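Asks: My questions all concern the structure below.
The values are calculated or read from the model by the stated rules, or taken from the named source; none is laboratory data. Note that the structure is predicted; figures quoted are calculated from it, not measured. All Cβ positions, glycine included, derive from the backbone under ideal geometry; neighbour counts span all protein chains shown.
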Amino acid sequence: MKTTDSRRATTVGIFIVLGLIIFAAAILVLGGQKKSFMQSIQIKGIFHNVGGLSRGNNVWYSGVKVGTIKKITFMDHSRIEVLMNIDKNARPFIHKDVRARISSDGLVGNKIIALDGGTAQAAPIEDGDVIIVEASVSTEEMMDTLQVNNKNLVAVTGNLRVIMENITAGRGTLGKLITDPSVYEQLNRTLALLHKTAGNTQQLTEGLAGYAARLQKPGVLASDLVSDTVVFNKLRGTATQLQEAAVQANKVAHDLQAVSANVNSRLNTNESPAGVLLNDSATARQLQQTIRNLESSTGKLDTNMEALRHNFLFRGYFRKQEKLRRKQEKQQKAELQ
Amino acid sequence: MEPIGQSGKPVISKRIDHFFITVYAIFGFIGRFLREVVRPPFETREFIRQCFHIGNKSLPLISLTGFITGLVFTKQSRPSLAEFGATSWLPSLISIAIVRALAPLVTALICAGRVGSSMGAELASMKVTEQIDAMEVSAINPFKYLVVTRVLACVVCLPLLMCYNGLIALAGAFVDIHLNEQTSMDTFIQNAFTNISFLDLMSSLVKVLIYGFTIGIVSCYQGFHATQGTEGVGKSANVSVVASMFLIFIEEVIIVQLVNMIR
């Protein structure tokens, strides 16, 4: 009986101890989360509107929880003093020029005090400090803005409705474009033309690109003209020489013109033999007579030469000549066969 | 005690008079308990025995119920939160529900069913078999031995059972959340305790103390005042459970209102 009692007492003891441990663990976890056991300093902020902030809400500095709200009290009709517990470990990082504003830890989360900013030049906060407070946008103000946006949206949708009605009824440029088949056809044709033009332009561009590529190929005149300085200098020299040659030709032309003028003037007078031949009629007649005399003399000389061929002194020579000619003709025929 | 006035007629009606007499008797019973609890000798062995029966023997049932409560409540809450992409709030939601309401209430209801009926039936059978009278004859204070130990064991064990129940319910919730949202244990604990305050924890503790006291007092009263033989035993067990549960819900409503006033 005694053994049973002591065993029972042990199990009951274990049950009670474990239960108390669970309860203590819950308190410790909760205390750790709420920073109830932390060493803290207290700072104040004076707000005009705390927007539903309550005791126990969190204080964040740059998004990190550094404390909780200790107390909220009215100072007068428009000022509310909020007392905050701030973790002593976070104190060195929060400076006196830090700014506090009412915020929330999510879109619909609990209200918090968000501490932001502060410069390293300012000293860290101390117990009892009153920090600067920034006005924050309240939910009501956000709702007011949304209300204005809603009204604008209603106006925009109203206008859109009218536009859509006009389009559906075929009024206006857009309406005609959508409802009129002729406009559609025209547009279609224009698009086809545009398509064709685009094709041509593409071909042209490709051609130009090929031509440009060929022009840029090394060894081609255009490429050398642009890139090869030797060729360019040569061309420049050639151009200079051509210019000089042109000057010389010009000069020669001038000289020829002078010579021609001189010859012309001399030909128009009887001072030169050519001028006498061209201008003097007596000399012309004498020249004609001389030519006639030469013709008759030539005829008579021809007769005399024919007579010489038949003379026995020269007959042998002509016969040899005839034989030599025939022999050459025979040789040519044989070669041809 | 008969509900009859000095003239032999009921003051209001027989039933209403009976109700007020019962209330008077219960408060007398409570007063006697408060007197006896601080007066030696203390029945430590019986108290430990009752703690064993109420606490240790109820632990498996409480654990199973807690685990299922946490798991099912998480599963049922998920679709509503998932509708607006707030499943990350599940740990917070579940922990608030468990700590503020489910753990104390489920523990109390389970104990009312299991312990209340047992105590009511046990004491009633002792009453109808005149064992309690025999104890008085043998110079043992039956009230101290039977009632004080049981009520005290209820008051001590129910908060502990609530702690177990809450822990296991959170474990059940964690299992479901971890399997569905792949939330780590650290994140779960962090999120679970974010929106719980000391007030929540303390109010639950006070609540469950009151529930324990209620279960103990109601069950012992029903058993201690059992009549009509074996039929009275069943009736006592039944009334113990029903009255305890009813009073637990009434107390829940009142305490929640009071806590909200403080919050």
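Asks: Tell me, yes or no, whether the range A:21-28 has at least one residue that is of a type outside the set (Val, Ile, Thr), loosely packed, with under 15 Cβ neighbours inside 10 Å and in contact (Cβ under 8 Å) with a residue 12 or more places away in the chain. Break it down stepwise before answering.
Replies: First pass over the range A:21-28, keeping only residues of a type outside the set (Val, Ile, Thr): A:23-26, A:28.
Now restrict to residues that are loosely packed, with under 15 Cβ neighbours inside 10 Å: A:24-25, A:28.
Now narrow it down to the ones that are in contact (Cβ under 8 Å) with a residue 12 or more places away in the chain: none.
No, that holds for no residue.
Asks: Can I ask one more? Can you find, within the range B:196-210, the residue that is nearest to the other protein chains (Cβ to nearest Cβ) among those that are without any contact (Cβ under 8 Å) to a residue 60 or more places away in the chain and of a type in the set (Val, Ile, Thr)?
Replies: Among those that are without any contact (Cβ under 8 Å) to a residue 60 or more places away in the chain and of a type in the set (Val, Ile, Thr), it is B:206.
Asks: Could you check the range B:88-140 and list, in sequence order, the residues that are over 23 Å from the mean Cα position of the chain (by Cα), in a helix (DSSP H, G or I) and among the acidic types (Asp, Glu)?
Replies: Result: B:133, B:136.
Asks: For the range A:1-33, give me the residue count where each residue is more than 19 Å from residue B:163 (Cβ to Cβ) and either in contact with a Leu (Cβ under 7 Å, 6 or more places away or on another chain) or facing chain B (nearest Cβ under 8 Å) (or both).
Replies: So the first thing to find is which residues in the range A:1-33 are more than 19 Å from residue B:163 (Cβ to Cβ), and the list is A:1-10.
Still in the running and either in contact with a Leu (Cβ under 7 Å, 6 or more places away or on another chain) or facing chain B (nearest Cβ under 8 Å) (or both): A:5, A:8-9.
Counting residues in the range A:1-33 that are more than 19 Å from residue B:163 (Cβ to Cβ) and either in contact with a Leu (Cβ under 7 Å, 6 or more places away or on another chain) or facing chain B (nearest Cβ under 8 Å) (or both) gives 3.
Asks: Can you tell me which residue among B:213, B:193 is surrounded by 14 or more Cβ atoms within 10 Å (Cβ to Cβ), of a type in the set (A, V, I, L, M, F, W, C) and within 14 Å of another protein chain (Cβ to nearest Cβ)?
Replies: Values: B:213 fails: within 14 Å of another protein chain (Cβ to nearest Cβ).
Selected residue: B:193, the only one of B:213, B:193 that is surrounded by 14 or more Cβ atoms within 10 Å (Cβ to Cβ), of a type in the set (A, V, I, L, M, F, W, C) and within 14 Å of another protein chain (Cβ to nearest Cβ).
Table: residues versus (1) crowded, with 19+ Cβ neighbours inside 10 Å; (2) within 13 Å of chain A (Cβ to nearest Cβ); (3) more than 18 Å from residue B:249 (Cβ to Cβ).
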position	(1), (2), (3)
B:101	no, no, no
B:121	yes, no, yes
B:139	no, no, yes
B:176	yes, no, yes
B:182	no, no, yes
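Asks: Looking only at the range A:104-123, which residues are within 27 Å of residue B:93 (Cα to Cα) and either in a loop (DSSP other than H, G, I, E, B) or touching a Gly at 6+ places or on another chain (Cβ under 9 Å) (or both)? Let's see the steps before the verdict.
Replies: At the first step, the residues of the range A:104-123 found to be within 27 Å of residue B:93 (Cα to Cα) are A:104-114.
Passing the criteria: A:104, A:105, A:106, A:107, A:108, A:109, A:110, A:111, A:113, A:114.
Asks: Within the bounds of the range A:121-131, is there any residue that is more than 14 Å from chain B (Cβ to nearest Cβ) and under 41 Å from the mean Cα position of the chain (by Cα)? Explain how you work it out, then say what you get.
Replies: Keep residues of the range A:121-131 that are more than 14 Å from chain B (Cβ to nearest Cβ), which gives A:121-131.
Adding the requirement that they be under 41 Å from the mean Cα position of the chain (by Cα) leaves none.
No; the residues of the range A:121-131 include none that is more than 14 Å from chain B (Cβ to nearest Cβ) and under 41 Å from the mean Cα position of the chain (by Cα).
Asks: Check A:51, A:56, A:63 and return the single one that is within 9 Å of chain B (Cβ to nearest Cβ), surrounded by fewer than 17 Cβ atoms within 10 Å (Cβ to Cβ) and among the small types (Gly, Ala, Ser).
Replies: On the way: A:51 fails: within 9 Å of chain B (Cβ to nearest Cβ); A:63 fails: within 9 Å of chain B (Cβ to nearest Cβ).
Only one candidate qualifies: A:56.
Asks: Tell me which residues, restricted to the range A:154-207, are among the basic types (Lys, Arg) and either touching a strand residue (DSSP E or B) at 6+ places or on another chain (Cβ under 7 Å) or assigned to a helix (DSSP H, G or I) (or both). Before you say what the answer is, go through the steps one by one.
Replies: Within the range A:154-207, the first condition is being among the basic types (Lys, Arg), and the residues that meet it are A:161, A:171, A:176, A:189, A:196.
A:161, A:176, A:189, A:196, listed by residue number.
Asks: Further question: Hey, residue B:98 hits all of (1) out of contact with any Gly (no Cβ under 6 Å at 6 or more places or on another chain); (2) within 18 Å of residue B:68 (Cβ to Cβ) but one; which does it fall short on?
Replies: (1) is the only condition that residue B:98 fails.
Asks: Buried (at least 16 other Cβ atoms within 10 Å of the Cβ) and modelled with pLDDT of 90 or more: does that describe residue B:70? Steps first, please.
Replies: Numbers: buried (at least 16 other Cβ atoms within 10 Å of the Cβ): yes; modelled with pLDDT of 90 or more: yes.
Spelling it out, residue B:70 is indeed buried (at least 16 other Cβ atoms within 10 Å of the Cβ) and modelled with pLDDT of 90 or more.
Asks: Okay, next question. Considering only residues that are basic (Lys, Arg) and facing chain A (nearest Cβ under 10 Å), look in the range B:39-56 and name the one that is nearest to residue B:166 (Cα to Cα). Write out each step before concluding.
Replies: Pass one, the range B:39-56, residues basic (Lys, Arg): B:39, B:45, B:49.
Pick out the ones that are also facing chain A (nearest Cβ under 10 Å) and you get B:45, B:49.
Values: B:45: 29, B:49: 24 Å.
Among residues in the range B:39-56 that are basic (Lys, Arg) and facing chain A (nearest Cβ under 10 Å), the one nearest to residue B:166 (Cα to Cα) is B:49.
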